[in-house]
2 protein chains.
Amino acid sequence: MNQQASFAALQERIAAVNDVLNATSLLTWDSRTMMPAGGAETRGHQIATLTRIARDLLLAPETEGALEEAERAVEGLPADAAERRMVEQTRHAVEHHRSVPASLIQERAALRTVAQSAWIEARSKSDFSIYEPHLAKTVALSRAYADCIGWSEHPYDAMVSIYEPGETAASLKSLFSKLREGLLPILDTARSRPQPRSDFLFRDFPEEGQRAFGLTLTEKLGYDLQRGRLDTTVHPFEVSFTRNDVRITTRYNRNYLPASMFGTAHEIGHGLYEQGVDPAYTRTTLATDLVGLYAVGGTSFGAHESQSRLWENHIVRSLTFWQRHFSDLQRHFPDQLGDVSAEEFYRAVTRVEPGLIRVEADELTYDFHIMLRADIECALMDGSLPVSELPGAWNAAMKRDLGLTVPNDAKGVLQDVHWSTGYIGSFPTYTIGNVMGAQVMETLRQQNPSLNASIGAGDYGVLAEELRTRIWQHGRRFMRDELLERETGRRLDPAPYLAYLQNKYAF
Amino acid sequence: MNQQASFAALQERIAAVNDVLNATSLLTWDSRTMMPAGGAETRGHQIATLTRIARDLLLAPETEGALEEAERAVEGLPADAAERRMVEQTRHAVEHHRSVPASLIQERAALRTVAQSAWIEARSKSDFSIYEPHLAKTVALSRAYADCIGWSEHPYDAMVSIYEPGETAASLKSLFSKLREGLLPILDTARSRPQPRSDFLFRDFPEEGQRAFGLTLTEKLGYDLQRGRLDTTVHPFEVSFTRNDVRITTRYNRNYLPASMFGTAHEIGHGLYEQGVDPAYTRTTLATDLVGLYAVGGTSFGAHESQSRLWENHIVRSLTFWQRHFSDLQRHFPDQLGDVSAEEFYRAVTRVEPGLIRVEADELTYDFHIMLRADIECALMDGSLPVSELPGAWNAAMKRDLGLTVPNDAKGVLQDVHWSTGYIGSFPTYTIGNVMGAQVMETLRQQNPSLNASIGAGDYGVLAEELRTRIWQHGRRFMRDELLERETGRRLDPAPYLAYLQNKYAF
């Protein structure tokens, strides 16, 4: 077999895996947007079967044969050649899945079902003890999982690497310490200011107008609805079925305008990344998370979040944006926003107020919620924090960082769904996204002299094209820090993020 | 292994096949209702991959092992025991797929893509010659397919059996001859009557009102929206993802009210069948067409069509229905239907007028369109009709049966999509559905004295419960004629259908 043919045989196997994972994603999207209640009964089976099939395809002897051929074929290529990366990533994923026995996967899946029910009950009764034994098992199985896939310094490294390859407990510790140090004085300054007016955000905003403005947002930011959709869900998300079908969802809170507006901007950011992946990578390893068994073009959870946070916060949650577009919003809501100025609106949507709930947090306190969770995950994984002591640790951290007293578990340790799905290790990627987004944005503003002017003029095409060529198009070819080094000259660095927040909130 | 365990191993394999096929159906549903244009590029790959995986799962050595165990386990059971039927149907499907080489499947799939493009071009230019070579290849590959799966009397038998097991070229010939003989005098009588008024059907009916009335139809007829959805498409269809998620679609023609109304009633009939399948059959062979590789609970295409036509024509297209419900419709369209009586409305929606286009045909001429196509399919399969002579044969049959001159191929031989998808043999099931629906309805009216009164009172629950217990709940356990013999005492028989049409159109 010649080089091209060897490579093609592997491609064909991976294309099938990608097809299956895209079908799995559609089952999920549908279950959260369109499926009638009755469908829930069997939808879980369908998703589980397809995920298992994807793994089986990856571990099949035919894939191993094609992979070995392909490994020989790409030997002479440059280290960062797309074909070589495809092969290497496939090998990494095959070894990953080979190391995890099917029995452990089944145990985790079985746990998920009962753990989620227990978590729902525990949260509704605000009683951690109902959920505690299931979380203990989640930690135990996560530890077993980490041991299977291997780690050298800390078992949390193994879990984090699934979402954010290259990141470790140690690297996070270092990042968080710099962030805490930098964030606290900014937060102090911001909190010393008088609170701006924000009453108008809570007026009556009919869904129709919110959706209409959301659609103008898609247009302004360049999200292509010929290759996408905007639907309504309880928990907003973005999902892609290859770059030409990338869907986003939002939720409309009739009495709180920012929820759908910034939520939509956030998901548009995710969507733009996926829509911008090189078409040549469609149905290849470079548009498939073969470790996480998820069809996605972004290179890591953190990199993905960097794009959503960049568009949400650096663009839409900016004074420039509202100076330019507030009149559009007023046209949709003339009665509700007639007595508000662009600057007042901006001040209201950037007001800082520490709170107990992560998903309601402002830009300046959000990372404290994340760091708290990541620290806890890390301590659960190495056993230094017994599950029974979790509420106490949580409440102490909330007091220490944000000065808040947690009144009950529902508003504390039970507020997030993440752990109940059986997964530990994804929380840090939210903060990584914030840091990376600012780092990229700073470089772009420095390197492209026309960028600020175009953004000021309400033209986001220059920014999108920069991001497309520098980040989106590469899909999963480069790792996150590799991308950052290529484009910003250095690995993940919190300085630009702190500078951005300082400038925005402690001016 | 004990009997139950042997059987469970097979069940688990089949459940996975069912999961995959349900995912395939979702890919299809989505592509016809929700998918943005960009998604088309890879959706075909996704569907092809999942279909191939379903076949591979069925032909895997593990399935064969489980099947052999299960065959021994069910040996002592009654011939029509559900478990025994599951095993026998699985064996039949395995042998079917084993007989067809993967190369032929690939050839047919490759042909489909080019044939559909050619058909679209041919139809738009009304030039059969553009499509002719592709149809010739479709016939050749269908013939090869028939030879693989085997036939004794006529190659068409093999093709028809995929959609309507037990039906053959000979049985269809006999059925059609009785139908032609019975239908022609009814048609003559109907055509000798003056045409009723129908101008009001073509007034302006905004989609909103049509959809609202469609939703009241789902309620009246008992289609459960907690286990279903009503969406909009170009070509209406029904699809199920197990009995608890059965979706229907319709299309709204703003200037022709009957299109969506009777279309919706038709799809509701399909949907009721699927929603009524025994819950115990979920994810089993008895809710999966393992030969056609399609997740469906109805036992054949014809049986399915019998239910849709029964609800569409015997219930909704009846004088009784409109006497009871026309005022509801008027409430949705007071301006458009204010000057119309229930009887006038009924006369208009049952007017008879031979036309060239199958999908626009009235109840009395529809079967001529089907018989024409089935006769042609049969003659193409045995070679007695060369593809080049197809337009001539088509036009001659239209002249002979309906007295119509076909002005061009677009309004003749090129009007249907079916053959361009590579499939031959499904057309007869439409007429079988009409015949079976009337046969079932006649028996129900005879055997249940309260049925007519309940229908007259606008209560369709009695009918639905009869159909559920006699037909729907059995899923694919019994073959169509077996069902008919159990419930009506005889196999498929056109007499009740002809009596129904006589009574309705030549009174």
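Laid out as a table, the results:
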{"item": "Counted residues, the range B:223-238 - those being more than 20 Å from the chain's Cα centre (by Cα) and touching a residue at least 40 places away in the same chain (Cβ under 8 Å)", "result": "2"}
{"item": "Which numbered condition B:ARG283 fails, given (1) free of Cβ contacts under 8 Å to residues at least 24 places away in the same chain; (2) within 14 Å of chain A (Cβ to nearest Cβ)", "result": "(1)"}
{"item": "Near pairs, Cβ below 8 angstrom, 6+ apart or cross-chain, from the range B:205-217 (under 17 Å from B:ASN313 (Cα atoms) and assigned by TED's automatic domain parsing to the domain that holds B:VAL316) to any residue that is open to solvent by 10 Å² or more (accessible area, probe 1.4 Å) and at pLDDT below 95", "result": "none"}
{"item": "Matching residues in the range B:466-503 - criterion: being open to solvent by less than 40 Å² (accessible area, probe 1.4 Å) and either outside the structural domain of B:HIS314 (by TED's automatic domain parsing) or polar (S, T, N, Q) (or both)", "result": "B:THR488"}
{"item": "Filter result (more than 12 Å from chain B (Cβ to nearest Cβ), assigned to a loop (DSSP other than H, G, I, E, B) and either open to solvent by 20 Å² or more (accessible area, probe 1.4 Å) or modelled with pLDDT under 95 (or both)) within the range A:226-258", "result": "A:THR233, A:VAL234, A:HIS235, A:PRO236, A:PHE237, A:ARG251, A:TYR252, A:ASN253, A:ARG254, A:ASN255, A:TYR256"}
{"item": "Residue count, the range A:449-465 (criterion: within 14 Å of A:LEU221 (Cβ to Cβ), of a type outside the set (Gly, Ala, Ser) and open to solvent by 20 Å² or more (accessible area, probe 1.4 Å))", "result": "3"}
{"item": "Residue among A:ARG91, A:ARG84, A:ARG55, A:ARG72 that is more than 9 Å from every other protein chain (Cβ to nearest Cβ), basic (Lys, Arg) and under 22 Å from B:ASP56 (Cα atoms)", "result": "A:ARG55"}
{"item": "Members of the range B:449-481 found to be part of a helix (DSSP H, G or I), over 26 Å from the mean Cα position of the chain (by Cα) and either in contact (Cβ under 8 Å) with a residue 24 or more places away in the chain or closer than 24 Å to B:ILE432 by Cβ (or both), listed by number", "result": "B:GLY456"}
{"item": "Matching residues, the range A:173-219, being under 25 Å from A:ARG251 (Cβ atoms) and open to solvent by less than 10 Å² (accessible area, probe 1.4 Å)", "result": "A:PHE200, A:LEU201, A:PHE205, A:GLN210, A:PHE213, A:GLY214, A:LEU217, A:THR218"}
{"item": "Positions within the range B:320-364 being surrounded by fewer than 16 Cβ atoms within 10 Å (Cβ to Cβ) and under 25 Å from the mean Cα position of the chain (by Cα), in sequence order", "result": "B:GLU353, B:GLY355, B:ILE357, B:VAL359, B:GLU360"}
{"item": "Residue in the range A:18-27 that is out of contact with any Pro (no Cβ under 6 Å at 6 or more places or on another chain) and surrounded by fewer than 18 Cβ atoms within 10 Å (Cβ to Cβ) present", "result": "no"}
{"item": "Output for the range B:430-448, where each listed residue is out of contact with any Pro (no Cβ under 9 Å at 6 or more places or on another chain), open to solvent by 10 Å² or more (accessible area, probe 1.4 Å) and in a helix (DSSP H, G or I)", "result": "B:TYR430, B:ARG445, B:GLN446, B:GLN447"}
{"item": "Tabulated pairs, the range A:22-44, first at the interface with chain B (Cβ under 7 Å from one of its Cβ atoms), second small (Gly, Ala, Ser) and outside any helix (DSSP H, G or I), C-beta under 8 angstrom, 6+ apart or interchain", "result": "A:ASN22/A:ALA295; A:PRO36/B:GLY228; A:GLY38/B:GLY228"}
{"item": "Matching entry among A:VAL87, A:VAL74 (being of a type in the set (Val, Ile, Thr), crowded, with 18+ Cβ neighbours inside 10 Å and within 30 Å of the chain's Cα centre (by Cα))", "result": "A:VAL87"}
{"item": "One residue from B:GLU132, B:GLU167, B:GLU153 being open to solvent by 70 Å² or more (accessible area, probe 1.4 Å) and in contact with a Ser or Thr (Cβ under 9 Å, 6 or more places away or on another chain)", "result": "B:GLU153"}
{"item": "Filter result for A:GLY302 (away from every other protein chain (no Cβ under 14 Å), open to solvent by 30 Å² or more (accessible area, probe 1.4 Å) and under 25 Å from A:TYR163 (Cα atoms))", "result": "no"}
{"item": "Residue in the range B:96-103 that is basic (Lys, Arg) and open to solvent by less than 60 Å² (accessible area, probe 1.4 Å) present", "result": "no"}
{"item": "Single unsatisfied condition, A:ILE14 versus (1) open to solvent by 10 Å² or more (accessible area, probe 1.4 Å); (2) modelled with pLDDT of 95 or more; (3) more than 10 Å from chain B (Cβ to nearest Cβ)", "result": "(1)"}
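The values are calculated or read from the model by the stated rules, or taken from the named source; none is laboratory data. Please read these numbers as outputs of a predicted model, since none were measured by experiment. Counting neighbours? That spans all protein chains shown, and the Cβs are built from the backbone with ideal geometry, glycine included. Heavy atoms of the whole protein, side chains included, go into the accessibility calculation; ligands, DNA and RNA do not. Shrake-Rupley method; radii C 1.70, N 1.55, O 1.52, S 1.80 Å.
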